[in-house]
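Accompanying notes for the structure given below.
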Amino acid sequence: MITVSNVGLQFGGRKLFEDVNIKFTPGNCYGLIGANGAGKSTFLKILSGEIESQAGHVSMKPGERMAVLKQNHYEYEQEQVLQTVIMGHARLFEVMKEKDAIYMKEDFSDEDGMKAAELEGEFAELNGWEAESDAALLLRGLGIGEDHHEKTLSELTEGEKVKVLLAQALFGQPDVLLLDEPTNGLDIKAIQWLEDFLINFENTVIVVSHDRHFLNNVCTHIADLDFGKIQIYVGNYDFWYESSQLALKLAQDQNKKKEEQIKELESFVARFSANASKSKQATSRKKQLEKITLEDIKPSSRKYPYIHFTPEREIGNDLLRVENLSKTVDGVQVLNNVSFTMEKDDKIALVGANEIAKTTLFKILMGELEPDAGTYKWGITTSQSYFPKDNAQYFEGCDLNLVDWLRQFSPEDDSETFLRGFLGRMLFSGEEVLKEASVLSGGEKVRCMLSKMMLSGANVLLLDEPTNHLDLESITALNNGLINFKGSMIFSSHDQQFIRTVSTRIIELTNNGIIDKDTYDEYLAVATK
């Protein structure tokens with residue numbers, strides 16, 4: 001358990017938190033959410049002791065151990081993989097090293113023997129004899145085979161290093177586990193394994209993630225960072241989102257009788273409770289959900305951008321035909337004999353581990369690259385709008401303010417009033433619209449690119465990782481906007497919920513063509529074998 005008492009922190013006169021009082025208890029997984037810049041990662045650093053709060057304190061029971069997912073693998077580059085995982089339990093690793101150093105002595109004394117016996121006792125208490133097998137089990141679960149366990153981290157790929165640091169955090173059954181974006185860089189199998197691990201983990205977990213599917217699967221509670229406070233809600237992310245929207249609706253409808261509001265709440269809670277799975281966490285959560293009262297749910301201060309794509313012309317049946325496309329990039333063949341036909345109303349999700357292959361296909365379809373072999377042809381009724389993964393060319397060195405930047409892409413109405421109104425719906429208000437495009441944050445640039453696409457009136461959208469850099473609110477708005485889009489699209493994303501709810505078809509680019517499935521579940525059945 002970890003207790004937060006009257007914690008406060010401010011940066012440059014801006015209050016991030018004030019009088020935060022919470023208890024995070026064992027057996028629960030808390031999803032820490034908040035708008036970009038609200039201070040989620042900072043709060044985790046306060047919990048871990050990396051940053052000191054300016055007021056209040058954080059405490060754990062004596063003897064309890066905290067583990068934190070580290071982001072910097074460079075400090076372990078010369079360490080052996082298996083040893084790096086065991087380093088996650090600092091005291092156990094220290095005992096191992098002390099013990100080994102004593103046994104290596106040539107002049108082994110009686111005093112050394114007594115110290116070694118003392119260390120052996122502590123080693124056994126810390127489950128040291130199982131340390132290597134436990135570490136190996138974690139690594140195998142995350143997809144790091146035994147042939148890699150004796151290597152140094154410098155010999156691994158970036159994705160493998162991410163998995164090693166995650167195994168390090170999970171090692172040794174910590175009493176409190178802090179995870180900041182643990183699914184970043186993980187493949188589908190590794191994410192599913194991690195979900196199962198956390199569902200069965202009996203201690204305290206606090207996690208920050210932009211992966212809504214992950215939060216829905218593992219979280220028993222949501223810790224909402226809003227108004228400089230942190231409020232704990234029972235349930236997963238979807239329950240928090242729907243309940244906050246219901247609370248907003250009820251608050252706006254002041255004339256509605258309380259009895260009607262209670263009935264609406266009861267219906268809402270019953271719907272979510274019925275969807276609880278059979279896991280221990282979900283069963284416990286269901287019981288807690290059923291006890292929720294009208295006063296327990298509160299509207300959020302979050303603002304959601306208005307994302308709505310309207311095609312200017314109806315699309316025909318002949319959209320896109322791709323035949324035997326192949327392409328080599330930097331000496332590596334990334335596309336090999338890719339063929340598919342895009343039908344009307346298709347919303348195709350490109351999936352798979354090869355990021356370069358997906359981006360290369362997007363660039364070929366948009367005419368930015370020439371294939372080495374094969375052809376593609378767009379239908380005459382189609383118009384395309386493209387969201388590139390790298391949008392630097394649109395912003396670097398650009399001294400235009402946001403109104404003038406967007407004016408470049410407004411084919412019909414380029415008036416200041418229209419453009420300001422459009423930007424306002426995308427959460428750029430007041431003086432913010434006068435900022436230079438070159439100084440925008442990653443999330444702000446994405447919102448500008450989406451604005452550009454909305455103004456295009458295209459009936460086919462191509463989106464390469466559009467959820468990168470977005471907060472949960474913008475991801476949710478984009479997710480809903482693409483579900484409601486009446487045209488067709490090809491997109492890539494690591495957000496499982498995004499893929500599941502938007503796509504009508506899944507295509508994986510492989511070394512030998514494609515895997516083409518109707519649903520994500522059908523694809524997973526093949527991909528996770």
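The values are calculated or read from the model by the stated rules, or taken from the named source; none is laboratory data. Treat the numbers as computed from the prediction; the structure is a model and nothing was measured. Note: ideal-geometry Cβ built from the backbone for every residue, glycine included; neighbour counts use all protein chains shown. Ligands, DNA and RNA are excluded from the accessible area calculation, which covers all protein heavy atoms including side chains. Shrake-Rupley method; radii C 1.70, N 1.55, O 1.52, S 1.80 Å.
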Worksheet, complete the sentence: Of (1) assigned to a loop (DSSP other than H, G, I, E, B); (2) of a type outside the set (Lys, Arg); (3) open to solvent by 20 Å² or more (accessible area, probe 1.4 Å); (4) modelled with pLDDT under 90, residue 186 satisfies every one except (3)
Discussion item. So, in the range 226-263, exactly how many residues are open to solvent by 30 Å² or more (accessible area, probe 1.4 Å), under 26 Å from residue 40 (Cβ atoms) and assigned to a helix (DSSP H, G or I)?
Written reply: 6
Item to complete: Please state which one of 160, 118, 130 is charged (D, E, K, R), crowded, with 19+ Cβ neighbours inside 10 Å and without any contact (Cβ under 8 Å) to a residue 24 or more places away in the chain.
Response: 160
Practice prompt. Assess whether residue 420 counts as being open to solvent by 70 Å² or more (accessible area, probe 1.4 Å) and either within 30 Å of residue 512 (Cα to Cα) or in a loop (DSSP other than H, G, I, E, B) (or both).
Written response: no
Fill in: Any chance residue 462 is closer than 28 Å to residue 340 by Cβ, in contact with a Lys or Arg (Cβ under 7 Å, 6 or more places away or on another chain) and not in a helix (DSSP H, G or I)
no
Response to the item:
Exception for residue 146 within (1) surrounded by fewer than 13 Cβ atoms within 10 Å (Cβ to Cβ); (2) more than 16 Å from residue 84 (Cβ to Cβ) falls at (2)
Fill in: residue 51 being free of Cβ contacts under 8 Å to residues at least 60 places away in the same chain, open to solvent by 30 Å² or more (accessible area, probe 1.4 Å), aliphatic (A, V, I, L, M) and within 30 Å of residue 474 (Cβ to Cβ)
yes
Worksheet entry | Cross-chain or 6+ apart pairs with Cβ under 6 Å, the range 507-529 first and in contact (Cβ under 8 Å) with a residue 40 or more places away in the chain, then assigned to a loop (DSSP other than H, G, I, E, B) | 508/352; 509/352
Worksheet item: If residue 499 passes every condition in (1) in a helix (DSSP H, G or I); (2) out of contact with any strand residue (DSSP E or B) (no Cβ under 7 Å at 6 or more places or on another chain); (3) not charged (D, E, K, R) but one, which one does it miss?
Response: (2)
Worksheet item: If only one of 409, 362, 387 is surrounded by 15 or more Cβ atoms within 10 Å (Cβ to Cβ) and over 28 Å from the mean Cα position of the chain (by Cα), which one is it?
Response: 409
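Yes/no matrix, rows are residues, columns are (1) closer than 19 Å to residue 73 by Cα; (2) modelled with pLDDT of 90 or more; (3) of a type outside the set (Gly, Ala, Ser):
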| position | (1), (2), (3) |
| --- | --- |
| 100 | no, no, yes |
| 104 | no, no, yes |
| 114 | no, no, yes |
| 118 | no, no, yes |
| 133 | no, yes, no |
| 138 | yes, yes, yes |
| 152 | yes, yes, yes |
| 159 | yes, no, no |
Worksheet item: Between residues in the range 341-358 that are touching a residue at least 40 places away in the same chain (Cβ under 8 Å) and residues that are of a type in the set (Asp, Glu) and surrounded by 14 or more Cβ atoms within 10 Å (Cβ to Cβ), which pairs lie under 7 Å by C-beta distance while being six or more apart or on different chains?
Response: 351/508; 352/508; 353/187; 358/464
Worksheet entry | Given (1) buried (at least 21 other Cβ atoms within 10 Å of the Cβ); (2) in contact with a Phe, Trp or Tyr (Cβ under 8 Å, 6 or more places away or on another chain); (3) over 16 Å from residue 518 (Cα atoms), number of the condition residue 473 does not satisfy | (1)
Discussion item. Among the numbered criteria (1) outside any helix (DSSP H, G or I); (2) on the phi < 0 side of the Ramachandran plot; (3) open to solvent by 50 Å² or more (accessible area, probe 1.4 Å), which one does residue 137 miss?
Written reply: (1)
Worksheet item: What tally of residues in the range 2-17 results from selecting those that are open to solvent by less than 70 Å² (accessible area, probe 1.4 Å) and in contact with a strand residue (DSSP E or B) (Cβ under 6 Å, 6 or more places away or on another chain)?
Response: 9
Practice prompt. Working only within the range 467-505, note down all residues that are within 13 Å of the chain's Cα centre (by Cα) and under 16 Å from residue 389 (Cα atoms).
Written response: 467, 468, 469, 470, 475, 493, 494, 495
